[in-house]
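Below: the structure, in structure tokens.
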Amino acid sequence: MDRSSAVRRVLLLVFVYFMSDAMFQTLLPVSMDANGITSGFVIGIFIAAASGVGILLAPPATAWGDRHGRARVLVLGGLASFVAMLLMAGAARGGSAWLWLFPVLLYGVARATTAISTLAVVSTTGDPLRMQGLNSVAQRGSAAIGAIATAGFIATGHYSVGFALMSLTGLYVCLVARRVAPPPAPENRATVAPRDSYAVSLRMLRDERALQASSLINIGAVTIGLLGNAFYPLALDVRPDRLAFWVLVLLLFRDITSVCVGPFFHVIVTAVGVQRVMVILASSNVASLVIVALAGSSVPWICLAAVLQGAAMSLSIGSTNFMATQGGRLGGRGLRITATNYGISVSSLFLPLMFGALFDILGSRAVFITGAVVVAAVMGGAVHLARGWSPVGARVQAPRHGDDEGPYVGADLHAEDAGDVADLAPEPR
């Protein structure tokens with residue numbers, strides 16, 4: 001497969017999978033609310049389960065994929081997503097919260113491994129820095145299309161149809177897995193055994209500032225996504241027939257902005273450096289949440305908040321994945337990305353419950369103001385950890401498709417990790 005074909009196929013996989021995931025994040029709380037499950041805390045439990053339980057399986061699954069190839073991991077994740085979405089389509093036709101429990105847990109287990117394996121494939125395809133910009137375009141472009149589709153399902157009340165259609169994306173992942181994730185190259189040095197994956201990934205996270213910063217960026221992005229996709233629709237005090245319009249305003253403007261910013265990710269990082277990029281995305285995210293908290297039903301202000309969120313989310317996707325997959329002595333790219341997902345999982349379990357309780361007790365304004373404080377705190381930590389990073393003018397050398405550990409020149413490396421470039425060659429056994 002030539003490199004341009006590989007890039008197109010990988011980006012199409014990203015587009016299809018993340019479109020379904022973005023739709024899920026909004027359809028789950030709205031459809032549960034429409035079926036009489038109106039407690040923000042209860043809905044928060046289900047959102048937390050879908051977002052956080054995947055880390056239980058992700059380390060050994062991604063370590064296995066790094067060593068033996070990611071195709072089987074993607075196939076199993078796609079099949080689990082297919083079954084889970086079909087079961088949620090049945091639950092959305094009416095019934096108690098118990099009908100949602102198993103499919104949400106099943107989707108949560110599959111979600112982390114499938115997403116991480118997909119992002120690991122992205123990191124081994126094409127030019128790393130430019131590819132992360134295109135990855136951002138694909139993710140946020142798919143979210144924009146998903147927002148339009150989601151608004152349609154909300155407007156018509158056809159939630160079960162939405163989940164049924166989303167199940168098809170799981171089948172698509174199964175069909176293309178072997179074409180986008182070939183067996184690893186013979187010289188692949190990803191030697192971490194699945195049984196050692198928890199200890200090794202936690203040690204990487206403890207020792208590498210780049211992974212710590214990436215993890216904090218992820219927590220900030222999770223907070224923004226959670227509030228925008230799940231709690232914003234619940235917070236709107238509008239007639240049911242107007243709900244779809246307001247959801248579409250925020251999500252569509254946000255994701256269109258991300259698509260516009262994504263192609264320039266490599267230009268922005270090269271021009272201002274990683275630390276300043278983090279300052280920009282942190283400021284934009286905090287401002288957007290404060291605006292949503294105070295604006296009410298004001299279209300111009302909501303549009304401004306959406307644009308700020310969209311620009312920040314695009315920069316977040318590129319920054320976190322680029323830092324997670326470059327440099328370091330241990331693990332393949334899948335396991336390195338997994339190391340940054342411990343923070344996502346903990347925050348995904350805790351934040352929905354906290355925001356759900358705040359929503360029930362103090363209302364939506366308190367939820368978004370608290371979210372702004374959380375984002376400011378974690379992004380402040382990420383900016384601190386990124387000190388010393390600066391773009392190098394050398395051209396980035398891309399790995400062969402399927403080679404986890406090709407050499408990289410010109411990657412943004414923290415000063416104390418700069419020597420790791422020399423360590424990318426296989427170590428003696």
Legend entry - Packing-based exposure ordering (other Cβ within 10 Å, fewest first) of Thr169, Thr320: Thr169, Thr320
Inset, instruction - Sort out for me the Cα centre separation of the stretch 257-305 from the stretch 53-73, rounded to whole Å. - result: 33
Inset, instruction - Mind sorting Arg336, Arg206 by how few other Cβ atoms lie within 10 Å of their own Cβ, fewest first? - result: Arg206, Arg336
Inset, instruction - Could you grab the relative contact order for the stretch 40-173? Cα pairs under 8 Å, six or more apart, rounded to a whole percent. - result: 37
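Throughout, read-outs are computed from the coordinates displayed, never taken from laboratory work. All figures in this text were calculated on a predicted structure; none of them were measured in a lab. Note that we place each Cβ from the backbone using ideal geometry, even for glycine, and neighbour counts take in every protein chain shown.
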